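Novice: Dumping the structure here so I can ask a few things about it.
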Amino acid sequence: MRARACRVAREDAGSYCGRIVDLPASVRRFVGGILAVRRKGWGEEPDAICAEIRSNRRPFKIVLKTRNEGLLLRKWVEHHRRICGPQGLIIFDNGSTMPEVLAYLDEIADDIPVYSYTWMHNFIHNRDKRFRLLYDALRASSDYHLFLDTDEFLYWADEEGGYRDDATVAERIVGTGQQAIPGIWAHNQPGQERHLRLTFRKGRLEAGIRGGKPVLSSAVEVSGEICHNSQVPKDLFRGASVGNVIIAHLRNFSAQQRIAANVEKISSYNRTTKILHTVGLTGEVLTLEELLRVDDRRLGPGNARNYLAEIRLLTAGVGEATSDGAGAVPIVIFADGRMTFANKRERQEILAFLNDPAEVLAAALLAPR
């Protein structure tokens, strides 16, 4: 049974990653040119992009960075459209090649600003270099802004045990008046979208606070690379008193999705840093089978090695997106506007945190890094 699960996971992920990306680069570019409506690229037209962003004033804006997320992109857009409207969303596509993704981006481009950028995917989080003008435009055209990935879904958890995923989320964020609000990561239960590991057990809440994504006030100016809460200057979190912003991290949506996402990330790192050139992988887009042949010992420590290790676990059927004994971790179910807790103790602990989060936030965010 394990051998069959391993083979199926590898075949599914290989198919998902390889429908287009396994084609030669020249063919991919040709297919992409046919399928995609031309959109402004950051490398060529940053001033025009910034002018469009500045001309569209919204209290709260969410920026999505995405590439080839065929399983989640439509869900992500539909979810966040309810929160800040189509003009409150900005999509930066990092060179998608999948026909279904390109078609969907073209479908929504009349309502939602869609731009493209090259380089490594995380470069967009650096406020000092290539994307400084983007952050200037965001600050000039919004009160708060947030960057998310396609597997991250925003909610507001109420102190009474309800949750919100509509326009009131944006209203409440803007109403906080805080310099920075930590969006708290809550990983999903394998295969479930709204079953979240929002719990103090095993240090998950504190880890979710540090690893989550920050909602930043446009009134503050920060520099450097900021992707996670742990990268935000500590002074911005002093006195933080809002723990309601929950970011469901669907990293366990499916083994297929997670493997494909990690293959894309390693390819992105390789195009920029050439980290896998030492093991003979020099292509712009790598395949699952190529990566599974890599000797991990020849890679230095870092994200690429971590992504590859996770790929190996998932293709072997033992990673989180398949099973990790997760039943022992209490979950909260987000459904019909209410949070359903595993037991009374979990409910009491999480609601106590939502009502008075300052001490827990300070311990997680202000401790030495």
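Novice: Taking the Cα centre as origin and putting +1 on Lys and Arg beta-carbons and -1 on Asp and Glu beta-carbons, what dipole magnitude results for segment 36-150, to the nearest 20 debye?
Specialist: 380
Novice: Using the Cα centre as the reference, give the magnitude of the dipole from point charges on the C-beta atoms of segment 252-369 (Lys, Arg: +1; Asp, Glu: -1; all else neutral), rounded to the nearest 20 debye.
Specialist: Charge dipole of segment 252-369: 220 debye, to the nearest 20.
Novice: Among ASP106, ASP356, which comes first, second and so on when ranked by fewest other beta-carbon atoms within 10 Å?
Specialist: On the way: ASP106 15, ASP356 12.
In increasing order of surrounding Cβ atoms, one gets ASP356, ASP106.
Novice: Sticking with this structure for a sec: Could you list LYS265, LYS202, LYS75 in order of exposure, starting from the residue whose Cβ has the fewest other Cβ atoms within 10 Å?
Specialist: LYS202, LYS75, LYS265
Novice: Straight distance only, please: which lysines reach the Cα of LYS202 with their own Cα at less than 26 Å, same-chain residues fewer than 8 apart left out?
Specialist: LYS213, LYS234, LYS344
Novice: If you take every DSSP beta bridge fully contained in the chain, what fraction is antiparallel? Give it as a percent rounded to 5.
Specialist: Close to 50 percent.
Novice: Taking other Cβ within 10 Å of each residue's Cβ, how do PHE237, PHE123, PHE153 sort, fewest first?
Specialist: Ascending Cβ contact count within 10 Å gives the list PHE123, PHE237, PHE153.
The numbers here are math on the coordinates, done by the rules we state, and not lab data. Worth saying up front: this structure is predicted, and the values here are computed from it rather than measured. Neighbour counts are summed over all protein chains in view; Cβ atoms, including those assigned to glycine, are modelled from backbone coordinates with ideal geometry.
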